[in-house]
Every structure is written in structure tokens, then in C-alpha cells.
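S.K.: I have a structure I would like to understand better, so I am pasting it below and will then ask my questions one at a time.
Throughout, read-outs are computed from the coordinates displayed, never taken from laboratory work. These figures come from a predicted structure and were not determined experimentally. Note that we place each Cβ from the backbone using ideal geometry, even for glycine, and neighbour counts take in every protein chain shown.
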Amino acid sequence: MSGARPNDPVAAVVAALEAAKSLVVTAHVSPDGDASGSSLALALLLRARGKEVRLAIPMDDLGAPGVLAPFADFRSDAPLPEPDLFVCLDCATVPRLALPELRGKAGLWRTLNIDHHATNTRYGHLNYVQDDYSSTGEVVYDIAKAAGWSFDRDIAEALWVAIVTDTGRFAYSSTRPSTLRCAAELLACGVRAPWLNDELFCLADRKILAIQERALASLETWYDGKVAVIALSERDYIETGCTKSCTENFSDIPRSVRGSVLALFIYRLPGDPKTHFSIRARAPYSACALAKAFGGGGHELAAGATVEMPIDGAKAALKAMLELAFE
Ligand SMILES: [Mn+2]
């Protein structure tokens with residue numbers, strides 16, 4: 001028996017999920033804690049309803065051994081058959097879907113788009129975009145509550161990972177009273193919060209400290225310290241043995257410069273010909289506006305973009321773009 005009321009927009013989402021027997025669940029490219037945590041939580045919730053679920057997400061280990069371990073149950077190298085429902089989580093646009101072969105499936109397969117990005121392009125047959133939510137994890141929690149589905153510890157921990165990573169451990173402005181009520185209920189389901197906190201935020205391999213040292217050494221500030229910038233090259237990743245997940249929260253480094261209103265983390269990954277920016281802003285400055293100027297997007301205070309320029313060219317382009325605002 002569903003807990004959703006007939007006029008509730010969430011009811012259509014619950015109905016679509018309940019009606020499907022087979023589902024493919026994916027999220028955005030380079031999945032972060034919210035993308036991978038919300039996807040795993042939904043996969044576990046659906047499996048508990050007797051459904052066949054495939055997670056189509058290239059997951060490395062989030063740099064946190066043992067966290068989201070049930071992910072392995074939903075992976076397969078077999079080709080993806082057309083599912084009854086294709087669920088895209090935490091992904092604002094089709095080109096950002098996790099795997100290139102999925103980008104042609106959105107809209108071709110019956111597509112359910114669940115997200116919290118204001119820039120979401122509503123590319124699904126059914127779109128459930130809650131842009132005032134802290135995280136897609138919190139959106140999935142609400143859907144499960146509306147459906148009357150119950151949570152076990154694995155599900156609660158996957159949602160916890162999604163929410164704590166996207167809220168900066170309940171610190172960002174996106175943290176609402178309802179975020180904490182959701183978190184309270186997840187804790188009551190047995191979430192091992194101190195262990196997850198250590199794994200996700202406090203413990204680092206030596207190689208991460210080594211790349212952090214390089215990131216700190218690269219720090220520059222522009223426009224009287226209002227803009228703080230770090231940059232990591234392909235070489236920095238190769239020589240330290242690091243992957244993208246090792247530098248997940250590195251935009252916190254420039255953001256920690258007192259007086260900064262915009263923080264930029266510019267990086268190039270091994271084998272990837274593009275340059276990525278991760279942008280953080282303090283209100284009233286907009287990370288999203290800057291990201292959009294480079295073809296990217298995201299939230300007001302946290303956004304990103306990808307450009308086909310070397311690091312120095314990207315820096316020069318960013319600096320020039322910001323001149324009007326800060327000079
Ligand atoms: Mn998110």
C-alpha cells in the first residue's frame with residue numbers, strides 16, 4: 001500500500017517505479033557521493049521490492065574502503081538490455097550521463113529523471129526535480145517514504161553518504177530542517193556515522209596527502225584575494241598515483257582562503273583530453289553563472305564545467321571572464 005496521496009507529484013514517480021519489473025539506474029559522469037549513494041540506495045530499495053536492477057555507473061571506490069560495498073551486487077559487464085524503466089539520478093543533462101552508451105537511451109528507453117539541480121533540462125518522460133533539496137539522496141528518501149518502503153542499514157548508509165557529501169556534513173546552505181529530520185531517521189536505522197565520517201572525510205592515504213601538497217603549492221589568488229585558485233595537472237595525478245576520487249573535496253582548499261568569494265579547482269585527469277573546473281562561491285556570487293559561461297552548470301554555490309583548453313589557457317580565460325566582476 002503506497003503512502004502517496006493521489007495528487008502528490010511523487011505519486012507518479014512511485015507508480016512508475018512500482019510498475020517496472022526491470023530497471024537500469026544511472027547517475028552523472030564521475031559520480032560523487034550523492035550520485036553513487038542515491039543510486040545504490042534506490043537499487044537496494046527496488047531489489048527489496050523484487051525487481052531486477054542494474055547499476056550502470058563506473059564506480060571507483062570513493063577513496064573510502066568498504067563504503068557502499070553492496071554496489072558490487074548490481075554491476076555486470078553484460079550488455080544492458082532495454083529495461084522497463086531507465087532511472088537517471090543527480091544528472092542535470094543528457095550529455096552528463098555516466099556512460100557514453102547511455103546518452104542515446106535517455107528518451108528512447110522509458111526514462112525517469114530524479115534530481116535536485118535547478119539546471120535540470122527535464123529530459124525524462126517523467127521528471128521529478130526538487131531543486132530546493134540538499135541532495136538527490138534526500139529526494140530518494142522522500143520517494144521511499146511516500147511509497148511506504150522501509151529502510152535497512154545498507155539503504156540508510158547509502159542515503160547517508162549521498163546527503164553528508166552533498167551538504168558538506170550538514171554545513172552548506174542547502175541543509176534544511178527536513179534534511180536533518182531525514183538524517184535522524186537514517187541514524188535510527190543503524191547508520192555507522194563515525195565510521196563513515198572517518199572513511200569519507202578524515203582518513204587519507206599517503207598519496208592523497210602528496211597530491212594535497214601539490215594542490216597547496218599551486219594556490220594563487222586573483223583580484224585582491226577574492227578569487228582563489230588551485231590547479232592539478234595530469235602529471236600530478238600520475239606521479240602521485242591518484243585518481244579523481246582522491247581529490248573529490250579539493251575545491252575546499254581555495255575556498256578556505258579568508259576573503260575569497262570564488263574558489264576554483266582546475267584539473268586534468270590522466271587519459272582525459274579536457275580540463276575540468278570545480279567552482280565554489282559565497283553568496284551573492286554565483287558559481288553556476290561562471291560555470292554556464294563555460295558551457296557547464298550546477299548549483300548557485302557549487303558548479304562545474306569542462307573545457308577543451310590546456311590548464312594555462314583555462315586559467316587565462318577564467319581570469320579574463322572574472323575581470324569585469326572583480327577589477
Ligand atoms: Mn547532488
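S.K.: Label-point separation (nm) for residue 108 and residue 184, each offset 7 Å from Cα along Cα-to-Cβ?
M.R.: My value for the distance between the label points is 4.7 nm.
S.K.: Given +1 on the Cβ of Lys and Arg, -1 on the Cβ of Asp and Glu, and no further charges, what dipole in debye does the stretch 96-174 carry about its Cα centre, rounded to the nearest 20?
M.R.: Result for the stretch 96-174 is approximately 320 debye, rounded to the nearest 20.
S.K.: Continuing with the same structure: Order these by the 10 Å Cβ neighbour count, fewest first: 309, 321.
M.R.: Going from sparsest to densest Cβ surroundings: 321, 309.
S.K.: I want the antiparallel fraction of DSSP beta bridges within the chain, as a percent rounded to 5.
M.R.: 45
S.K.: So for the stretch 9-200, taking the charge dipole from beta-carbon charges (+1 Lys/Arg, -1 Asp/Glu), which of 44, 141, 83 sits furthest toward the positive end?
M.R.: 83
S.K.: Using DSSP to define loop residues, name the GluC sites (Glu not before Pro) in the stretch 280-325 whose beta-carbon has at most 12 other beta-carbon atoms within 10 Å.
M.R.: Loop-located and lightly packed - 308.
S.K.: Next question. The stretch 27-41 to the stretch 249-320: how many Å between their Cα centroids?
M.R.: The two parts, judged by their Cα centres, are 21 Å apart.
S.K.: Find, among the trypsin sites (Lys or Arg not before Pro) in the stretch 249-327, those assigned to loop by DSSP (not H, G, I, E, B) with at most 16 other beta-carbon atoms within 10 angstrom.
M.R.: The qualifying sites are 258, 274, 282.
S.K.: May I ask you to evaluate 6.51 cos²θ - 1.76 cosθ + 1.60, the Karplus curve with θ = phi - 60°, for each residue of the stretch 124-129 and list the ³J(HN,Hα) values in order in whole Hz, giving x for glycine and proline?
M.R.: Karplus-based 3J(HN,Hα) across the stretch 124-129 equals x, 5, 10, 10, 10, 10 Hz.
S.K.: Between residue 204 and residue 22, what length in nm is gained on full extension when 0.36 nm per residue of separation is reduced by their alpha carbon distance?
M.R.: Stretched out fully, the residue 204 to residue 22 stretch lengthens by 61.7 nm.
S.K.: Once phi is turned into θ = phi - 60°, what whole-Hz ³J(HN,Hα) does the Karplus curve with 6.51, -1.76 and 1.60 give for every residue of the stretch 65-72, x standing for Gly and Pro?
M.R.: Taking θ as phi minus 60°, the curve returns x, x, 6, 6, 4, x, 3, 4 Hz for the stretch 65-72.
S.K.: Output the pairs from 51/105; 244/315; 105/319 with a Cα-Cα distance over 27 Å in this structure; if there are none, say none.
M.R.: Pairs exceeding the cut-off: 105/319.
S.K.: Using each residue's phi in the stretch 209-226, evaluate 6.51 cos²θ - 1.76 cosθ + 1.60 at θ = phi - 60° and report the 3J(HN,Hα) Karplus result to the nearest Hz, with x for Gly and Pro.
M.R.: 5, 5, 6, 5, 4, 5, 5, 4, 5, 8, 4, 10, 10, 10, 6, 6, x, 6
S.K.: At a Förster distance of 22 Å, what's the computed FRET efficiency of residue 312 paired with residue 249, Cβ-Cβ distance as r, to 0.05?
M.R.: With a Förster radius of 22 Å, E is 0.35.
S.K.: At what distance in nm do the modelled label points of residue 152 and residue 258 sit from each other, each positioned 7 Å from its Cα along Cα→Cβ?
M.R.: The modelled label-to-label distance comes out at 5.0 nm.
S.K.: Running a GNM on the chain with Cα contacts under 10 Å, which residue among 254, 58, 79 ends up with the highest mean-square fluctuation?
M.R.: Of the options given, 79 has the highest mean-square fluctuation.
S.K.: A further question follows. Which value, in debye to the nearest 20, gives the size of the charge dipole of the chain about its Cα centre, when Lys and Arg are +1 and Asp and Glu are -1 at the Cβ?
M.R.: That gives the chain a dipole magnitude of about 340 debye.
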